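Since every read-out is calculated from the coordinates, none of them should be taken as a lab result. Because the structure is a prediction, the values reported are computed rather than measured. Here the Cβ positions follow ideal geometry from the backbone for every residue, glycine too, while neighbour counts run over all protein chains shown.
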Amino acid sequence: MKKLVASVAAVATMSVAGSGGIAAADDRTDGSTPDDSAQYVSPSGTATVSSSGTATTLEGTPPRGYGLGGAHVAGIPYDEYIRMTGAKWFPALERQKVDYWAGQVQGHTLERLFPGIDRAFPGLGLDGPSIGESVDQGAGNVIQTVNQDGPGTVLGLSEGAMVVNAVQARLAADPNAPPTDELTFAVFGDPIGQHAFGDGFLRQNFAVGDVVPSMDFRIPAPVESQYDTYSFVSAYDSIADWPDRPDNWISLLNAIAGLATGHTAVAFTSPSNVPARNIRTTVNSRGGKTTTFMIPEQHLPLVMPLKYLGVDQGTLSRLDAVLKPMVDAGYSRNDDPATAPITVDPVNGYDPAEVTAPASQATFGNQVGTDPFSQMLALLSTFGSGDGGAGAPPPPPGG
């Protein structure tokens, strides 16, 4: 029964993820303030923070930033999303897109159920490629590109993060893998990730070796990578930050809302959004360091839409104060207030529509505002009129 529920949830939540969510921002309601020290000492390492107590920009491995997008849905500002992924975190990297199929969550399922649907609606990717096929292809493309073009940092958003995991798994067993000082990885909204504050949705709900329905994707074992990795998680994003007490329905509803608000937009956040206590570094048996940044939104995802409807800040904060204890009860990380991360911050947290607006404006024009409604209307306007400059989904295998 649990696997059936997880399968249905996987299709539902990952379908929303493929459409490109609009990020949200949270409120700091616990009255805590970040540490003003030069460094925040985590359980297994250190991460540099600014004098104001927030994260700083990262160098990664220069000079290139190899970018991998998420599921490629027609109409979204796909190339801009890749260009902007981690741009405020790794500002010095020279961006280079790594192409791969970037299949959607339904894979080949719709064509199996409704033969000919892909021909009836061409260009929408309704008959694959699947996520599993895409991840396999993407891993090979990344390794080939790095071997050809040299040192850099590989950045993967959502499905692109799954490609990163596959690359790390291959290189972990490759005697000819690049030296550790020539390659770094960064994942944003990783569905199969294990981070310092929790686990991704697929990692929690499927066992190693399980094949996720529709995706044709087999859950891999966690990787002990020799390379340093940066993991960026939007608080309450159901894809990357699924509640570990899923019997808490308020937590589940908030996490699903967090998918729509923060799953994609986490890639467009900045170090100033992250307090020192939300940074954790661990070191594995091979010496590879993984540094996790949990990024708060201005308000709970359940509350954030009300901001766009014009509800005043005071009311939003009062709603956060009422709902947050119920939401946080679904995450065991909050059992000890002394170590719990800040997951709502009205001052430093990020607003999703604001951080995604530059990608929409670069693609559709400056008439698009910083509100989610104008951005959604711009996206919808591309259907039926070509790709609207946003980029069409790549061809399927053999296409």
Of VAL73, PRO178, GLN96, which is farthest along the charge dipole of the range 2-380 in the positive direction, counting Lys and Arg as +1 and Asp and Glu as -1 at C-beta?
VAL73
Across the alpha-carbon set of the range 2-380, Rg over Rh with Rh taken as the Kirkwood radius works out to 0.95
For the range 179-188, take each phi angle, set θ = phi - 60°, evaluate the Karplus expression 6.51 cos²θ - 1.76 cosθ + 1.60, and give the result in whole Hz per residue in order, putting x for glycine and proline.
x, 5, 8, 10, 8, 9, 10, 9, 10, 10
Phi-based couplings in Hz for the range 216-223 (Karplus 6.51, -1.76, 1.60; Gly and Pro marked x):
6, 10, 8, 5, x, 5, x, 9
For the range 163-276: relative contact order, % (alpha-carbon pairs under 8 angstrom, 6 or more apart):
27
For ILE295, distant residues with modelled amide H under 5 Å away:
VAL233, SER234, ALA235
Roughly speaking, what is the centre-to-centre gap between the range 252-315 and the range 197-244 when only Cα atoms are used, to the nearest Å?
17
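Kindly count the pairs of lysines across the range 2-380 whose alpha carbons are less than 27 Å apart, treating pairs on different chains or eight or more residues apart as eligible. Can you show the working numbers first?
Details: LYS2/LYS324; LYS88/LYS97; LYS88/LYS289; LYS88/LYS307; LYS97/LYS289; LYS307/LYS324.
Taking the Cα cut-off of 27 Å, the pair count is 6.
When every alpha-carbon pair in the range 150-285 is counted, what percent end up more than 20 Å apart?
Details: 4354 of 9180 pairs.
Beyond 20 Å sits 47 percent of the P(r) for the range 150-285.
Run the numbers on the range 165-225 and let me know its relative contact order in percent, using alpha-carbon pairs under 8 Å that are six or more apart. Provide the component values of the computation, followed by the final result.
Numbers: 48 pairs, mean separation 19.7, N = 61.
Relative CO of the range 165-225 lands at 32 percent.
Over the range 2-380, what is the relative contact order in percent, taking alpha-carbon pairs closer than 8 angstrom and at least six residues apart? It would help to have the intermediate numbers written out before the result.
Details: 899 pairs, mean separation 89.9, N = 379.
That works out to 24 percent.
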